[in-house]
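Have a look at the structure below, then the notes.
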Amino acid sequence: MLTHPHTARAALTMPCSSPRPITFHHGPARHENPRVKFRRSRRSPRIAFPALVAACAMAASFAQAAPPAAPSEDELINRGIALREARNDAAALETFRQAYNLQQGPRALAQVALAEQALGRWVEAEADLAKALARTDDPWIGRNGVLLHQALTEIQGKLGTLQLTGGVPGAQVFVNGASAGTLPLPKPLRVSAGNVTLEVRAANYLPSTRTVSIPPQGIARETVVLVPAALAATPSTSVGRDGGDSQPGWSPRRKVGLAVGAAAVVSAAVGTTFLFVRESRAQDFNDAGCGTEALTPPCASLRDREKSAVTWAVTGWVGAAVLGGVSAYLLLWPSARDTAGGAPGGSSLSLLSCTPSSAGGVSLTCGGLF
């Protein structure tokens, strides 16, 4: 702003948001040249106005380009607590995880576990809350330790332990469709209490799937037995136009013998599996403190489960023996039709059927026409 040295007062107003005309207030002057005064008063606003407009534009551009400050851990935790109060537990869990990723603090991790508890993710909640409680040096954990331990006890009441033995090294274990590791497992699995679906897969083996009942705060022991896929496969049959076998040396009789032999292997595997199951159920019976006299209803149920496992184990082994004998007969001893030159059409098998039964004892009935 430029003014004549003899002017009494001059004022300049220039807001950046809404430029206004420049106003000057002059008092009486002594010994001044009106022409010089006019030139200075007219020239100074022409220079100041564009400069102030440019300065305001630059300041506004810098203010818009500045990035917003990232929220702190406390701000994210408070935001997550507000979401929990609004019953939006899923969004609160993601917010608490963002807070934990900033500093790996135990307070944020405990909030993550409590949100997982609200969502019914018991396994993750137990692991995260136990990790947070291990930080006993944290003041917040120390002040809220009693409430956090109560929450951990409630979470553990929703869980049980699954212990697996046997199987094939490297086999993949799935619980309710989710991957739980590979055999042999480094430690027993923590799973939700109740009925869970256990599946074990391995290359060149048939998958094993079963339903396992997990007691709350208890342990379930399962033995994994995988059957090789090659033993369970049945050789294909190729028949020519004349009705005979187009592959020399593989008559229908030998093919049936191989199939029966594979069935014998499967039956032996079933018997072995239930033998281990019987041992596990007997251990459950002993752990429950059941005696041999005056069994309570829970103990009687455990004893019935043990007897059922014994029945299936014996049935499996008896079936393996019978089927193995039939397979050996078909493969090693020729039939009368083969000795006489074979039956018309190249087929010597009419019927083969084996049926296990546990009613009134263990039995296996097989019948065949060769």
Which value in nm describes the separation of the simple spin-label points at His149 and Gln103, placed 7 Å from the Cα toward the beta carbon?
-> 2.6
Residues Phe96, Phe285, sorted so that the one with the fewest Cβ neighbours within 10 Å comes first = Phe285, Phe96
Would you order Ser308, Ser213 from fewest to most other beta-carbon atoms within 10 Å of each residue's own beta-carbon?
-> Ser213, Ser308
Would you mind ranking Lys158, Lys307 by Cβ crowding within 10 Å, fewest neighbours first?
-> Lys307, Lys158
Ranked highest first by the average count of other Cβ atoms within 10 Å around their residues, in what order do 318-326, 197-205 fall?
-> 318-326, 197-205
Length added when fully stretched, Glu94-Lys187, from 0.36 nm per residue minus Cα-Cα | 30.6 nm
Total charge dipole magnitude, region 158-232, about the Cα centre, Cβ charges on Lys, Arg, Asp, Glu only, Debye to nearest 20 | 180
What is the Cα centroid distance between region 269-314 and region 146-196, reported in whole angstrom?
-> 23
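Computed from the coordinates by the stated procedures, all read-outs in this text should not be read as laboratory data. Just so it is clear, the model here is predicted, and its values are computed rather than measured. Virtual Cβ from ideal backbone geometry, glycine too; neighbours counted across all protein chains shown.
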